[in-house]
Amino acid sequence: MRKYDGIMDTDVKTSLCAIVLAAGASSRMGSVKAVLPLCGKTVLDRIMQTYLLAGITEIRVVTGYDCEQVRTVLEKLPVQEVYNPRHTEGMYASVQCGIASCPPGISGYFIHPADVPLVSPETIRRLSAETNRIGERIICPVFQGRRGHPLLVGASFRTAILDQDRSLGLKGLLNEHGDAIVPVIVDDPGILMNMNTPADYRDMISRIQRPSEDFRRGNE
């Protein structure tokens, strides 16, 4: 068991790995999204706590652009950095880099963009339980009829991901393997909330500070 910031994970899921994508240039935001403060914690800190609370302790953070700034946060977190030398090629190159770094025995990979920091631990638990039930598929959370993040990709897709670059990235993978996608309905608006611009960031802070019902209605 691992303890971090008061969290003791008693239901550790050692066969699943969280791959957090934090290698982008954040050009629309104007600053590195992964290290931004979000109601008392950094974005990366919130994501790490989400996975630890859900029992996921194998966590990789893929860095690239401005990696030194990201490392100032990572050195305080129980994660492993994976540097992507191809980060200028886009997010899919970071997915490949993260998956390639995983040790044998991993049965599935959570693919989690760093700009989606409000996913709940319960959502991670739901996706984990589904992969235990149905096996290695591509599991996608759905809120109010819309797909969100993170995907949970079974290790059976490892070769397909590593051996082929796709111009459409993850969308291309999903298009090719549509029959393997399993939607899982979750009660979690956070799977749809990303922050690409300063306006998105301000809105996210505002929503966190609202009562839960206002937060939910804001995503309808």
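Which condition number in (1) modelled with pLDDT under 90; (2) within 25 Å of THR197 (Cα to Cα); (3) of a type outside the set (Gly, Ala, Ser) is the one that LEU118 fails?
(1)
Six or more apart or on different chains, Cβ atoms under 9 Å: show the pairs whose first residue is in segment 8-30 and within 15 Å of MET48 (Cβ to Cβ) and whose second is loosely packed, with under 15 Cβ neighbours inside 10 Å and modelled with pLDDT under 60.
That search, which allows pairs on different chains as well, returns MET8/MET1; MET8/ARG2; ASP9/MET1; ASP9/ARG2; ASP9/LYS3; VAL12/MET1; VAL12/ARG2.
Cβ-Cβ distance below 6 Å, separation of 6 or more or different chains: which pairs start in segment 39-52 with a residue that is more than 17 Å from CYS17 (Cα to Cα) and end on one that is in a helix (DSSP H, G or I) and of a type in the set (A, V, I, L, M, F, W, C)?
As it stands, the answer is CYS39/ILE208; THR42/VAL35; THR42/VAL73; VAL43/ALA34, since those pairs meet every condition given.
Just to be sure I understand, how many residues within segment 74-112 are in a loop (DSSP other than H, G, I, E, B) and over 24 Å from LEU53 (Cβ atoms)?
The number of residues fulfilling the criteria is 5.
Which one of ARG133, ARG147, ARG71 is within 17 Å of the chain's Cα centre (by Cα) and among the basic types (Lys, Arg)?
ARG147
Suppose we filter segment 113-161 for residues that are among the hydroxyl-bearing types (Ser, Thr, Tyr), assigned to a loop (DSSP other than H, G, I, E, B) and within 20 Å of GLY172 (Cα to Cα); how many remain?
Residues that pass the stated criteria total 0.
The values are calculated or read from the model by the stated rules, or taken from the named source; none is laboratory data. Predicted model, so just to flag it, every value in this text is computed and none were measured. FYI the Cβ positions are ideal-geometry reconstructions off the backbone, even for glycines, and counts take in every protein chain you see.
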